[in-house]
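Read-outs: derived from the displayed coordinates by stated rules, not from any lab. What you see is a predicted model; the values in this text were computed from it and never measured. With ideal geometry, Cβ positions are generated from the backbone for all residues, glycine too; neighbour counts draw on all protein chains shown.
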Amino acid sequence: MRQFNRRTFLKASAAAAVVSSVPLYVSFNNYKKAAEDATVHKIPSFCQGCTSYCGIIAHVKNDRLWKIEGHPIHLKSRGHLCARGHGMADYAYSKDRIQHPWKRGDNGEFEKISWDQAFKEIGEKLKDIVKKYSGNSVVWMEHGSHRKPYVDRLFDKIGSPNFVTQYSTCFNSKTNAWQQMVGGTLSGDHQKSKYIIFEGRNFAGGIVPNGMNLITKAKEQGTKILVIDPRYSEIAKIADEWLPIRPGTDLAFRLAMANVLISEGLYDKVFVKKYVDGFDEFWKYNKHNTPEWAEEITGISAQKIREIAREFAKNAPQAFIEPGWHGLHAHYLNSTQTAQMAIILNALVGNFYQRGGLMPSATVTLGHLELPEVFGPEKGDRVDGAGVDGEFKTVEPARGISHLIANKVAEGKVKAVFVCNNNPLRTSPSPEEQKQLKDADLVVSINIDWNETSYHAAHYILPEHYYLERYEHPYTVSGHITHEHPQIALRQPVIKPLHDSKNIIDILDGIAKGMGYNDLYPFTVEDDIKAAIAPLGITFEQLKKAGTIEFPATLKTGFPINKGKPALKTKSGKIQFSAELFKLDGKIGVPTWIAPKVMPDSSKADEFRLIHGKQPWHSHAMTNNNNYLMAMSERYDGMSMWMNTARANKLGIKNGDTVTMESSIAKKEVKVKVTELIHPDCVWVPSTYGGYSPKNTTAYNVGVNFNDFIPVMVEPWSGSTMSQEVVVKIRKGAM
Amino acid sequence: MARYGLVIDDSKCTGCTACTIACQLHNNLEPEMTYNRLEILETGTYPNVKMDIMPMQCMHCDNAPCVSVCPTQATYKREDGIVAIDYDKCIGCKYCMTACPYDARKLNEERVPVKCRWCPEYLEKGEQPPCAATCMNDVRVFGDLDDPNSKINKILAENEVVSLLPEKGTKPSIFYVKK
Ligand code: SF4
Ligand code: SF4
Ligand code: SF4
């Protein structure tokens, strides 16, 4: 049995090494000498702590990861990393990792099995299921879509349309609005901006380290930063002003801002005339949404709204409202319209494709492997209903509706589920409903630790190599910041696999072979990498050595024009204020006011809206089993729920008290932090805690999770969870 | 001989704690042991409220009380300004812990009151230690106070700075930018 204590492990591996090396737990006197003697290998790769995927330089001694630093070139890091990144690197040595394939026996207990047995049994079961119920009953659930090109080969073979990402719990409302109205997403050019509005967007919680660096530098140059958020988030700490808004009402604020821009003639008329379609329709439906109207709803004064709109226009086009990430975009009934309004406000001030406003990311086109085509049965409609007529027609099929899959198992429509790098039992609403996943005929968890999905739902658990142990298809760096130079980054092994794990192609190939398909995966990930970079004029060796490679600048300012006409990938080539697709069933395509689904009753002292957010040292629930990061939570009272002081006083609740919180689906105890830093209407919990897998020992039974309290709901336009449409009742004392 | 100093612009800190864990991994510390920390302070009444975050660590004082109280000279001041510990000489009396007004020391598993080392392996090469290098907001800048061209001297020239608890007469080598 390996000893995982950091010090002793380091000592042990140092002692075993042939070359003289740092004893690693050394007295200060010896440190310098020891450090000089050390053989430190520095290997570049990129982080897995969140989807910023920052470049890292791993420092390895005696095959043991010592520490990581930010990659100096990589656009997301530029030498900097957040706490999660460091923590995730150390997590390679967690004792709660899946060390070999497991199978759940008839008694419910897990037993160790070989890869051969796992592939044979999974392959045979999957084959039976496909035969009996067709490929349409098979689902792949993944965080992101990185493995999709590989999964597609198997799914094409069996005829399954059901690749489901986690995005319905994350930001479907945003990407859907941007796709419909702009044909793709742009990002803020923080560095060159003079006025930035972060509304429901905590850039210092959902972090891009180099993005934060650009923001703090811009601030030093005089850029004004406005934060609108019910909670004083970490980005509010460096803002010029924090405006706590009533949660769920950002749409009203944005409509009123547009109202000021238009009625006072402050908008960029030339830009709108040239590049906007649907302006008149928007105005027709929103003339009456004045600042006075919004004041009632949002709690932000009409005068303040006017002031902000004027300042926004004055600084434009070097001004923007952050397009955002998770915050606001899976949260409310009106999230899609709220996202639409971010587009409209930015377009009204004409900041699209302008430095200091919104810009695209520079990118390069990668090559691909020429592989034999896969033929299989015709695919049916997606089982989650995304993009399907009569179901969730307006939801992006490429993202799917992840939080519905367990219910589809219960309805008998899903028979086999693969869950890869994903943990729907913790990250989707209503854990009791999510647990129904286990009732499918086949549930395979391809995860690196004993997360809730592995422990409570899996029939088989297959360990994938950890991100520090594997190669992946190269990644074109993009998202949330703008940059002129395209970059590609490589994930490569920095340590040897610690356990009996495999890379994803070998796992898929094993399953395919178990089904009798012997030649679905006639390639390795290295082949795939070489094919991807072939058009770029670089070699695999160069990429391995550099980790991140930057190419000459490609980015241009100015609206995309083709043959003299606006050339966005939208119906008119312009920015569509009215989204065609949303006009279904007599609905309108422009955003207008939609009230939140639920509202706490202000006459009741014990009613609150439950809201959540990302703690800067945690990546939602993904990092909650990390010893270093959880020690940080201990140190800074990170597990507590924030409650406004005046509200707490009314209920007799003091800082550090335990309270009982109840929604329509759950009743739990939680510790409270009483603070002035939050809007009185809501309580806030970090999205991290509430681990309920006994084998993820650090996370187990620590704190609560917002998902415990929300029923499964589907936002009608974009399919997201509406995770803040929940009213809770809170009383002092334990249950 | 260089004379090291550190300037901290806490107004830029957003409390991400990367400085803490980068230091822990570099120095092979267990999760519970830290050489730096954040002091968080909330002031005002909703909605006119703010939060201050102050990164803290050993101040490497010029007139260090921990050095003067140490009976075995295990804690000593190096010529370059670093307050260092000779672990082999430490008898674990903990006088230094009591003497430090900044609460910079913690007892490790071997009963030695340890603290931030100012990572000379970086400073001597003119590089930033892990706590500073990883910081996305460039809150910390280390440098040579005797080098007129150093970045730290530029910051000191352009900003008003304060030391913590000046009344204790410790003469810290950490300067906080006053904003
Ligand atoms: S922001 Fe942090 S967690 Fe995310 S990729 Fe970068 S270092 Fe890793
Ligand atoms: S790394 Fe920088 S921003 Fe983060 S807590 Fe430390 S000093 Fe503050
Ligand atoms: S200088 Fe070195 S020991 Fe001190 S806090 Fe920074 S990284 Fe840690």
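Seen against the Cα atoms of chain A and their longest principal axis, helix A:28-37 is set at about 70 degrees. Fewest-first ordering of A:SER718, A:SER52, A:SER664 by other beta carbons within 10 Å of each residue's beta carbon gives A:SER664, A:SER52, A:SER718.
Once you reduce the range B:155-179 and the range A:584-615 to the center of their Cα atoms, the two points are 48 Å from each other. Computed over the range A:580-735, relative contact order equals 32 percent, with contacts defined as Cα pairs under 8 Å that lie 6+ residues apart. Once amide H atoms are built 1.01 Å from N in the peptide plane, which residues 5 or more positions from A:ASP277, or in another chain, come under 5 Å H to H? Amide H neighbours of A:ASP277: A:ILE575, A:GLN576, A:PHE577. Roughly what angle does helix A:115-133 make with the longest principal axis of chain A, taking Cα atoms, 0 to 90 degrees, to the nearest 10? Helix A:115-133 and the main axis of chain A meet at about 50 degrees.
Which three numbers, in whole Å and largest first, are the semi-axes of the equivalent ellipsoid of the range A:36-161 derived from its Cα gyration tensor as √(5λ)?
Over the Cα atoms of the range A:36-161, the ellipsoid semi-axes are 38, 21, 12 Å.
Relative to the dominant Cα principal axis of chain A, helix A:504-514 is inclined by about 70°.
Under a no-solvent Debye model with one identical scatterer per Cα of chain B, what's log10 I(q)/I(0) at q = 0.12, 0.14, 0.19 Å⁻¹? Values, matching the q order: -0.56, -0.77, -1.41.
In chain A, Cα pairs under 8 Å separated by at least six residues give a relative contact order of 18 percent. Annotation for the range A:263-344: trypsin sites (Lys or Arg not before Pro) lying in DSSP loop with at most 14 further Cβ atoms inside 10 Å of their Cβ are A:LYS287.
If you run the Gaussian network model on chain B, springs between alpha carbon atoms under 10 Å, then out of B:LYS50, B:LYS77, B:LYS94 the most flexible one is B:LYS50.
Which whole-number percentage describes the relative contact order of the range B:4-177, with Cα contacts under 8 Å and a sequence gap of 6 or more?
32
Close amide-amide hydrogen proximity is noted between A:PHE110 and A:GLY105, each under 5 Å apart and 5 or more residues distant or on a separate chain (H modeled in the peptide plane; Pro and chain starts excluded).
One decimal place: the segment A:ASP585-A:ARG310 gains 95.3 nm when fully extended, by the rule 0.36 nm per residue minus the C-alpha distance. Between A:GLU296 and A:LYS671, the C-beta separation translates, for a Förster distance of 35 Å, into a calculated FRET efficiency of about 0.50. Distance between the C-alpha centres of the range A:322-358 and the range A:544-563: 23 Å, rounded to the whole angstrom.
Taking every DSSP beta bridge that has both residues in the range A:187-359, what percent is antiparallel when rounded to the nearest 5?
Of the beta bridges lying entirely in the range A:187-359, close to 15 percent run antiparallel.
Measuring r between the beta carbons of A:ALA595 and B:LYS178 and using R0 = 45 Å, the FRET efficiency lands at 0.45. Among the trypsin sites (Lys or Arg not before Pro) within the range A:418-483, not one is in coil by DSSP while having at most 15 neighbouring Cβ atoms inside 10 Å.
When the pairs A:LYS393/A:LYS438; B:LYS77/B:LYS178; A:LYS194/A:LYS565; A:LYS192/A:LYS224; A:LYS42/A:LYS76 are compared against a 22 Å limit on Cα-Cα distance, A:LYS393/A:LYS438; B:LYS77/B:LYS178; A:LYS194/A:LYS565 fall above it. Exposed loop sites here are GluC sites (Glu not before Pro) assigned a DSSP state other than H, G, I, E or B and surrounded by at most 13 other beta carbons within 10 Å; excluding them, the longest clear run of chain A is A:412-735.
A crude spin-label estimate for the pair B:LYS171 and A:TRP283, with each label 7 Å from Cα along the Cβ direction, gives 7.1 nm. Karplus-based coupling profile of the range A:583-599, in residue order and whole Hz: 7, 4, 6, x, 6, 9, x, 8, x, 8, 5, 10, 6, x, 5, 10, 9, with θ = phi - 60° in 6.51 cos²θ - 1.76 cosθ + 1.60 and x standing for Gly or Pro. The modelled label-to-label distance for the pair A:GLU264/A:GLU526, using points 7 Å beyond Cα in the direction of Cβ, is 6.3 nm. Taking B:LEU145, B:LEU123, B:LEU25 as the candidate residues, the one with maximal mean-square fluctuation in a Gaussian network model of chain B, Cα springs under 10 Å, is B:LEU25.
Seen from A:GLU311, the other residues with C-beta closer than 13 Å to its C-beta sum to a net charge of +2, counting Lys and Arg as +1 and Asp and Glu as -1. Using a cut-off of 18 Å between alpha-carbon atoms, which aspartates and glutamates can reach A:LYS273, once sequence neighbours fewer than 8 places away in the same chain are excluded? Partners within reach: A:GLU264, A:GLU281. Label zone (A:LYS413, point 7 Å along Cα-to-C-beta; backbone nitrogen cut-off 18 Å) within the range A:685-719: A:712-719. Going by neighbour counts of Cβ atoms within 10 Å, the residues B:CYS90, B:CYS100, B:CYS131 line up, fewest first, as B:CYS90, B:CYS100, B:CYS131.
About its Cα centre, the dipole of chain A is roughly 1260 debye, where the only charges are +1 on Lys and Arg Cβ and -1 on Asp and Glu Cβ. Sorted ascending by nearby beta carbons within 10 Å, beginning with the fewest, A:THR298, B:THR43, B:THR72, A:THR675 become B:THR43, B:THR72, A:THR675, A:THR298. Size estimate for the protein assembly as shown follows the Kirkwood approach: the inverse of mean 1/r over distinct Cα pairs works out to 29.0 Å. Which parts of the range A:689-710 would a label at A:THR660 reach, counting a residue when its backbone N lies under 14 Å from a point 7 Å out along Cα-to-Cβ? Residues passing the 14 Å test: none. A simple spin-label model places the labels of B:LYS89 and B:LEU41 3.5 nm from each other, with each point 7 Å out along Cα-to-Cβ.
Looking at the protein assembly as shown alone, DSSP beta bridges between its own residues are antiparallel in about 60 percent of cases.
Once each part is reduced to its C-alpha centroid, what is the distance from the range B:134-151 to the range B:2-40 in angstrom? Cα centroid to Cα centroid, the span is 14 Å.
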